[in-house]
Amino acid sequence: MEFVDAKTLSGKDLNVILKDRLGKGLDVTVKNSHSMHNIGTGMKEKGKIVVDGSTGFYTGGFLEGPSIEVLGDAGWYAGDNMMSGELIIRKNAGCNAGSYLYDGTIVIYGGTGNRPGYGMKGGTLLICGDAGGWAGQMTLGGRLIILGKVAAGLGESIYKGVIYVKDREAESKLGSNCFVDDLTGEEITSLNDLFGKYGVDQEAAELRAVRPMTTGRHNYVLFDPQLEPEKARKYNPFQG
Amino acid sequence: MSEVIDNTTTKKPARGKDVQRGIWNAQTIAEVRYKAENGKHRIRGCGATRELPTFDDLIILPGQMTRMTIDTYREKCDTRTVLGKRHATKPLVLETPIMIAGMSYGALSREAKIAMAKATAMTGTVISNGEGGLLPEERENSYRQSIQILPSRLGFSRRSLEAADMLEYLVGIGAKPGLSGHLMGAKITEEVAAMRQLPVGIDLHSHPRHGDAFGADDLMVKMDQLRELTNGETPIFIKIAAARVRDDVKIAVKTGVDGIILDGMQGGTGAAPVMASENLGIPTMPALVQAVKTLEEMGVKDEVSLIISGGIRDGADMAKALAIGADAVAIGTGAMVAMGCSVCLNCQAGRCAAGIGTQDPEQRKNLIIDEAAERVANYIRGMTAEAMLLAKAAGKTKLKNLEREDLRSLTLESCAMTGIPLVGSNYTFGTPFGFC
Ligand SMILES: Cc1cc2nc3c(=O)[nH]c(=O)nc-3n(C[C@H](O)[C@H](O)[C@H](O)COP(=O)(O)O)c2cc1C
């Protein structure tokens with residue numbers, strides 16, 4: 001394992017060094033990552049990068065090959081547009097982790113901010129902690145797994161793909177156009193394999209699946225405004 | 001008029017249907033009835049229909065005693081155009097400053113997309129893919145290919161970046177600024193759905209905001225990412241609708257783009273809420289003036305390429321836009337009309353007898369690709385020739401040498417809006433734009 005001190009490097013310079021090391025068949029540990037943005041952008045080389053610290057925005061964006069492991073936290077948009085490979089975040093990730101994920105696997109051992117998996121199209125996004133609001137919004141494919149608590153707007157306007165949740169209150173937090181369903185045997189097996197691979201202590205049979213409906217918001221029907229004269233009648237204009 | 005109110009006359013009074021009823025015209029009545037029947041706003045193709053200021057409100061001054069004119073038929077006027085050379089190491093080199101704007105495969109038929117791509121190869125210009133992915137046949141046939149990075153990223157992946165000669169980070173379009181893409185179920189066929197990863201037949205209101213950059217600060221970091229992914233080679237543009245042009249242009253420049261595509265209120269669309277098209281944004285001509293002024297104030301006018309779109313119809317529009325300070329124009333509706341579109345405003349329905357705005361296999365047969373390609377190419381050639389004619393009459397041997405001083409306003413309104421002096425008086429009402 002090679003060590004690279006990123007203290008005085010820009011994200012771009014660091015990536016040049018990382019590509020060079022991976023190209024030579026060496027795995028690399030990055031020290032002093034100082035929440036740098038764009039670490040690992042679009043790397044195609046195979047191998048392993050360990051970031052011994054935290055990262056800024058777009059960690060592993062468009063990644064296409066290696067495995068990146070962040071030992072600290074990752075900033076917003078971790079693994080955006082990722083194509084293949086692996087992004088492992090040992091602590092928490094900011095908003096919009098895995099947005100537009102195309103393929104590959106992202107594992108976040110902590111929690112995430114809002115909108116993880118926004119518009120994702122494939123691959124796997126596993127969040128072991130809690131997830132913020134609007135998780136899996138307008139997803140087009142792939143699987144999003146949330147083992148902690150979920151927040152409002154879950155699966156809003158999901159087109160395709162599936163969201164697996166453990167939170168028993170998930171049903172009351174659903175966005176529109178989705179419903180809660182049982183897992184198939186195949187799904188349980190595949191998820192248990194995933195949990196086994198990443199050392200996650202979870203039994204897939206305890207999860208529920210949030211799946212898309214093709215009705216509702218996917219028709220040109222207006223949901224707003226909902227004009228409610230009864231509420232207006234009771235409204236106190238001086239107290240709000 | 002007296003016929004209507006004079007009851008003493010023996011003539012038959014005019015009936016309701018013969019009388020102009022001011023704001024209660026046929027269109028207003030139709031819109032009220034639509035809402036009354038459906039409880040929702042109407043979605044329609046083509047964009048704004050209302051009267052808006054256009055480049056017709058400007059004229060070009062020909063050379064007479066002050067400058068020598070250039071022979072229309074025997075002397076040259078250079079049209080070659082370089083776009084996006086601020087940071088990108090492989091800027092676009094086009095034979096004519098006319099881009100075919102991003103119009104999605106889905107809104108348009110496969111045949112229409114291929115025909116337009118072929119037209120770019122015949123004329124040496126660029127076509128943009130639009131929302132919903134890139135048809136392989138579009139890429140194979142286009143001279144230069146622009147790829148849009150839209151909030152939905154439908155049909156988008158890293159492979160799309162690699163196919164691009166130019167990138168467009170899309171923020172908005174003039175026909176529905178502040179709204180996302182609309183594609184009604186009739187057009188989401190198996191083929192279109194497969195490319196976009198959508199269920200067949202849904203009414204699509206696509207992703208409203210970019211999920212990987214919430215604001216300008218994030219976008220600056222995103223730009224670094226995109227530069228790294230494209231090896232710094234591909235010009236990156238941002239496409240914005242005309243709104244708070246001054247602020248938007250400043251912010252866009254700060255994010256580090258190579259160029260801006262500014263789409264005015266007259267811009268076309270495959271489907272948009274009528275309310276949006278008719279009431280959101282500002283018209284193309286004043287928007288362009290504001291953008292040019294802002295780039296000049298920032299001292300980056302020569303670095304940042306500016307492409308203007310929204311209602312560009314002919315060589316006169318183009319020449320005037322270039323004179324104001326655009327580097328190129330983009331055409332959408334014009335290219336469709338060249339292929340046979342009649343601007344019926346019904347693009348959203350997917351029933352287009354011309355085979356352009358449809359996915360119906362039978363209707364698509366009506367568009368013969370090679371004929372349509374030739375017509376679009378001819379349109380581009382003709383438009384270029386028109387702009388050259390005007391430029392030469394104004395004494396220019398290069399299209400890009402057209403300048404503000406070559407223009408005059410025909411109306412008080414256009415004068416105040418553009419800062420270009422009024423014909424006759426040569427006064428400017430409002431803030432002068434490059435004139436003392
Ligand atoms: C049928 C159609 C589909 C369009 N689809 C897109 C699109 O996918 N992405 C986009 O940025 N603009 C889209 N536009 C807008 C055009 O890119 C362009 O901004 C506009 O057409 C310019 O105005 P013009 O039609 O008056 O030339 C579309 C326009 C039309 C007419």
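The values are calculated or read from the model by the stated rules, or taken from the named source; none is laboratory data. Worth saying up front: this structure is predicted, and the values here are computed from it rather than measured. Positions of Cβ are generated from backbone atoms using ideal geometry, with glycine treated the same way; all protein chains shown enter the neighbour counts. We work out accessible area using only protein heavy atoms, side chains counted, and drop any ligands, DNA or RNA first. Shrake-Rupley method; radii C 1.70, N 1.55, O 1.52, S 1.80 Å.
Among the residues of the stretch A:1-29, those identified as free of Cβ contacts under 8 Å to residues at least 24 places away in the same chain, within 14 Å of chain B (Cβ to nearest Cβ) and open to solvent by 70 Å² or more (accessible area, probe 1.4 Å) are A:Asp13, A:Val16. Among the candidates B:Leu367, B:Leu390, the residue that is in contact with a helix residue (DSSP H, G or I) (Cβ under 8 Å, 6 or more places away or on another chain), part of a loop (DSSP other than H, G, I, E, B) and assigned by TED's automatic domain parsing to the domain that holds B:Glu137 is uniquely B:Leu367. When you check B:Gly310 against the structure, is it away from every other protein chain (no Cβ under 14 Å), at positive phi, within 14 Å of the ligand (Cβ to nearest atom) and open to solvent by less than 30 Å² (accessible area, probe 1.4 Å), yes or no? Yes. Looking only at the stretch B:112-128, decide whether some residue is touching a residue at least 24 places away in the same chain (Cβ under 8 Å), open to solvent by less than 10 Å² (accessible area, probe 1.4 Å), touching a helix residue (DSSP H, G or I) at 6+ places or on another chain (Cβ under 7 Å) and closer than 30 Å to A:Gly85 by Cβ. Taking every residue of the stretch B:112-128 in turn, none turns out to be touching a residue at least 24 places away in the same chain (Cβ under 8 Å), open to solvent by less than 10 Å² (accessible area, probe 1.4 Å), touching a helix residue (DSSP H, G or I) at 6+ places or on another chain (Cβ under 7 Å) and closer than 30 Å to A:Gly85 by Cβ.
Taken across the stretch A:77-84, residues that are surrounded by 19 or more Cβ atoms within 10 Å (Cβ to Cβ) and more than 14 Å from chain B (Cβ to nearest Cβ) do not occur at all.
A quick yes/no check of all residues on (1) surrounded by 21 or more Cβ atoms within 10 Å (Cβ to Cβ); (2) part of a helix (DSSP H, G or I); (3) within 12 Å of chain A (Cβ to nearest Cβ):
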| position | (1), (2), (3) |
| --- | --- |
| B:Asp212 | yes, no, yes |
| B:Asp217 | no, yes, yes |
| B:Asp224 | no, yes, yes |
| B:Ile238 | yes, no, no |
| B:Val253 | no, yes, no |
| B:Leu262 | yes, no, no |
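Before we move on, is B:Leu295 assigned to a helix (DSSP H, G or I), under 24 Å from B:Lys90 (Cα atoms) and either modelled with pLDDT of 95 or more or more than 15 Å from the ligand (Cβ to nearest atom) (or both)? Give the derivation first.
Details: assigned to a helix (DSSP H, G or I): yes; under 24 Å from B:Lys90 (Cα atoms): yes; either modelled with pLDDT of 95 or more or more than 15 Å from the ligand (Cβ to nearest atom) (or both): yes.
It is true that B:Leu295 is assigned to a helix (DSSP H, G or I), under 24 Å from B:Lys90 (Cα atoms) and either modelled with pLDDT of 95 or more or more than 15 Å from the ligand (Cβ to nearest atom) (or both).
Among residues of the stretch A:52-65 being in a loop (DSSP other than H, G, I, E, B) and at the interface with chain B (Cβ under 7 Å from one of its Cβ atoms), the one that is farthest from A:Lys19 (Cα to Cα) is A:Phe57.
Reported count of residues in the stretch B:254-292, each being away from the ligand (no atom under 13 Å from the Cβ) and in contact with a Cys (Cβ under 6 Å, 6 or more places away or on another chain), is 0.
Quick check on B:Ile356: is it within 12 Å of the ligand (Cβ to nearest atom) and either away from chain A (no Cβ under 14 Å) or open to solvent by less than 40 Å² (accessible area, probe 1.4 Å) (or both)? Yes; evaluated as a whole, the condition is true for this residue. Applying a threshold of 8 Å to beta carbon distances and a minimum spacing of six or more residues, or different chains, the list of pairs starting in the stretch B:24-49 at a residue that is more than 16 Å from the ligand (Cβ to nearest atom) and ending at one that is hydrophobic (A, V, I, L, M, F, W, C) and open to solvent by less than 80 Å² (accessible area, probe 1.4 Å) reads B:Glu31/B:Val274; B:Gly39/A:Leu222; B:Lys40/A:Val221; B:Lys40/A:Leu222; B:His41/A:Leu222; B:His41/B:Val274; B:Arg42/B:Val274.
Among the residues of the stretch B:401-436, write down those that are closer than 16 Å to B:Gly63 by Cα and under 24 Å from the mean Cα position of the chain (by Cα). Answer for the stretch B:401-436, where residues must be closer than 16 Å to B:Gly63 by Cα and under 24 Å from the mean Cα position of the chain (by Cα): B:Asn401, B:Leu402, B:Glu403, B:Arg404, B:Asp406, B:Leu407, B:Arg408. Within the stretch B:399-419, being buried (at least 16 other Cβ atoms within 10 Å of the Cβ), outside any helix (DSSP H, G or I) and not hydrophobic (A, V, I, L, M, F, W, C) holds for B:Arg408, B:Ser409, B:Gly419.
Given the residues A:Asn32, A:Asn38, which is the only one that is on the phi > 0 side of the Ramachandran plot and either away from every other protein chain (no Cβ under 14 Å) or open to solvent by 40 Å² or more (accessible area, probe 1.4 Å) (or both)? First the steps, then the outcome.
Values: A:Asn38 fails: either away from every other protein chain (no Cβ under 14 Å) or open to solvent by 40 Å² or more (accessible area, probe 1.4 Å) (or both).
Matching residue, one of A:Asn32, A:Asn38: A:Asn32.
Within the stretch B:85-108, is even one residue among the basic types (Lys, Arg), within 14 Å of the ligand (Cβ to nearest atom) and more than 14 Å from chain A (Cβ to nearest Cβ)? Steps first, answer last, please.
First, pick out the residues of the stretch B:85-108 that are among the basic types (Lys, Arg): B:85-86, B:90.
Restricting the remaining residues to those that are within 14 Å of the ligand (Cβ to nearest atom) gives none.
The answer is no, given that none of the residues of the stretch B:85-108 is among the basic types (Lys, Arg), within 14 Å of the ligand (Cβ to nearest atom) and more than 14 Å from chain A (Cβ to nearest Cβ).
Taking the stretch A:66-76 as the range and being assigned to a strand (DSSP E or B) and open to solvent by 20 Å² or more (accessible area, probe 1.4 Å) as the test, only A:Glu69 passes. Sort out which residues of the stretch A:87-107 are open to solvent by 20 Å² or more (accessible area, probe 1.4 Å) and farther than 19 Å from A:Leu147 by Cα, and write them in order of number. Across the stretch A:87-107, the qualifying residues are A:Tyr102, A:Asp103. For the stretch B:346-367, give me each residue that is touching a residue at least 40 places away in the same chain (Cβ under 8 Å) and among the aliphatic types (A, V, I, L, M). The answer is B:Ala349, B:Ile356, B:Leu367. When the residues of the stretch A:209-237 are filtered to those that are in contact (Cβ under 8 Å) with a residue 24 or more places away in the chain and touching a helix residue (DSSP H, G or I) at 6+ places or on another chain (Cβ under 8 Å), the one that is nearest to the other protein chains (Cβ to nearest Cβ) is A:Phe223.
With B:Leu154, B:Leu167 as the choices, which residue is open to solvent by less than 10 Å² (accessible area, probe 1.4 Å), within 11 Å of the ligand (Cβ to nearest atom), aliphatic (A, V, I, L, M) and not in a helix (DSSP H, G or I)? Full working, then the answer.
Working: B:Leu167 fails: within 11 Å of the ligand (Cβ to nearest atom).
Among B:Leu154, B:Leu167, only B:Leu154 is open to solvent by less than 10 Å² (accessible area, probe 1.4 Å), within 11 Å of the ligand (Cβ to nearest atom), aliphatic (A, V, I, L, M) and not in a helix (DSSP H, G or I).
Taking the criterion of being open to solvent by 10 Å² or more (accessible area, probe 1.4 Å) and in a loop (DSSP other than H, G, I, E, B), the residues of the stretch B:170-188 that qualify are B:Val171, B:Ile173, B:Lys176, B:Pro177, B:Gly178, B:Leu179, B:Ser180, B:Gly181, B:Met184.
Of all residues in the stretch B:109-151, how many are among the charged types (D, E, K, R) and either within 12 Å of the ligand (Cβ to nearest atom) or at pLDDT below 95 (or both)?
Within the stretch B:109-151, the subset among the charged types (D, E, K, R) is B:110-111, B:113, B:118, B:131, B:137-140, B:144.
Add one more test, that the residue is either within 12 Å of the ligand (Cβ to nearest atom) or at pLDDT below 95 (or both), and what stays is B:113, B:131.
Total satisfying the criteria: 2.
Filtered by the rule that a residue be assigned to a loop (DSSP other than H, G, I, E, B) and open to solvent by less than 30 Å² (accessible area, probe 1.4 Å), the stretch B:40-51 gives B:Gly45, B:Cys46, B:Gly47, B:Ala48.
Report yes if B:Thr230 is surrounded by fewer than 24 Cβ atoms within 10 Å (Cβ to Cβ), more than 16 Å from the ligand (Cβ to nearest atom) and without any contact (Cβ under 8 Å) to a residue 60 or more places away in the chain, otherwise no. Lay out the reasoning, then the answer.
On the way: surrounded by fewer than 24 Cβ atoms within 10 Å (Cβ to Cβ): yes; more than 16 Å from the ligand (Cβ to nearest atom): yes; without any contact (Cβ under 8 Å) to a residue 60 or more places away in the chain: no.
No, not satisfied.
Any idea which residue in the stretch A:41-51 is nearest to B:Leu229 (Cα to Cα), counting only those that are away from chain B (no Cβ under 14 Å) and of a type in the set (Val, Ile, Thr)? Once the filter is applied, the top-ranked residue is A:Ile49. Candidates are the residues of the stretch B:323-338 that are in a helix (DSSP H, G or I) and open to solvent by 10 Å² or more (accessible area, probe 1.4 Å); the one that is nearest to the ligand (Cβ to nearest atom) is B:Thr333.
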